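*Asks:* Shown below is the structure under consideration.
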Amino acid sequence: DNSNGVFVGHNTSAQNTGHGILIESSEATAVEGNHLVRNGAYALVFRTLPGFDNTACYVDNRMFGNALGKVDLQGTSSYAVEPCL
């Protein structure tokens, strides 16, 4: 929350009652190589990002069995989040 230049990688988030990973109000965030399974909401959520190009990216995350789906952009412009290159 409210961070800059964060790397979230190689973690397991499984069987939580909420989201697997939640990135909020942060810039230059990369989410890579995580195992996000069977959580009670979305696997990965980007919430209220500033809206600049390349604000956040995600790649190579295993996401399955999450109650609400894989990725949700809550209050975030779709061009602010894209797959990492």
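*Asks:* Being surrounded by fewer than 17 Cβ atoms within 10 Å (Cβ to Cβ) and of a type in the set (Val, Ile, Thr) narrows it down to one of Val8, Val81, Val59, Val31, so name that one. Spell out how you get there, then give the answer.
*Replies:* Working: Val8 fails: surrounded by fewer than 17 Cβ atoms within 10 Å (Cβ to Cβ); Val81 fails: surrounded by fewer than 17 Cβ atoms within 10 Å (Cβ to Cβ); Val31 fails: surrounded by fewer than 17 Cβ atoms within 10 Å (Cβ to Cβ).
So the residue among Val8, Val81, Val59, Val31 that is surrounded by fewer than 17 Cβ atoms within 10 Å (Cβ to Cβ) and of a type in the set (Val, Ile, Thr) is Val59.
*Asks:* What pairs come out if I take residues in region 28-43 that are closer than 18 Å to Gln15 by Cα and pair them with residues that are surrounded by fewer than 17 Cβ atoms within 10 Å (Cβ to Cβ) and hydroxyl-bearing (Ser, Thr, Tyr) whose C-beta lies under 9 Å away, six or more apart or interchain?
*Replies:* As it stands, the answer is Asn34/Thr12; His35/Thr12; Leu36/Thr12; Val37/Thr12; Asn39/Thr17; Gly40/Thr17; Ala41/Thr17, since those pairs meet every condition given.
Matching residues to (1) charged (D, E, K, R); (2) touching a strand residue (DSSP E or B) at 6+ places or on another chain (Cβ under 8 Å); (3) assigned to a loop (DSSP other than H, G, I, E, B):
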site	(1), (2), (3)
Asn2	no, yes, yes
Val31	no, yes, no
Pro50	no, yes, yes
Asn66	no, yes, yes
Asp72	yes, yes, no
Thr76	no, yes, yes
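*Asks:* Can you find even one residue in region 44-54 that is under 14 Å from Gly18 (Cβ atoms) and open to solvent by less than 20 Å² (accessible area, probe 1.4 Å)?
*Replies:* Yes, because at least one residue in region 44-54 is under 14 Å from Gly18 (Cβ atoms) and open to solvent by less than 20 Å² (accessible area, probe 1.4 Å).
*Asks:* A further question follows. Among the residues of region 17-28, count how many are on the phi > 0 side of the Ramachandran plot and open to solvent by less than 50 Å² (accessible area, probe 1.4 Å). First the steps, then the outcome.
*Replies:* Residues of region 17-28 on the phi > 0 side of the Ramachandran plot: 25, 28.
Now restrict to residues that are open to solvent by less than 50 Å² (accessible area, probe 1.4 Å): 25.
Of the residues in region 17-28, 1 are on the phi > 0 side of the Ramachandran plot and open to solvent by less than 50 Å² (accessible area, probe 1.4 Å).
*Asks:* Would you please name the residue that is farthest from Asp1 (Cα to Cα), looking only at residues in region 33-48 that are in a loop (DSSP other than H, G, I, E, B) and modelled with pLDDT of 95 or more?
*Replies:* Arg38
*Asks:* Only one residue in Asn54, Asn66 is of a type outside the set (Lys, Arg), out of contact with any Leu (no Cβ under 6 Å at 6 or more places or on another chain) and at pLDDT below 85. Which one? Quick ask: steps written out before the conclusion?
*Replies:* Numbers: Asn66 fails: at pLDDT below 85.
Among Asn54, Asn66, only Asn54 is of a type outside the set (Lys, Arg), out of contact with any Leu (no Cβ under 6 Å at 6 or more places or on another chain) and at pLDDT below 85.
The values are calculated or read from the model by the stated rules, or taken from the named source; none is laboratory data. Just so you know, these numbers come straight off a predicted model, no measurement behind them. Positions of Cβ are backbone-derived with ideal geometry, glycine not excepted, and every protein chain shown enters the neighbour counts. Keep in mind that these areas ignore ligands, DNA and RNA; they rest on the heavy atoms of the full protein, side chains included. Shrake-Rupley method; radii C 1.70, N 1.55, O 1.52, S 1.80 Å.
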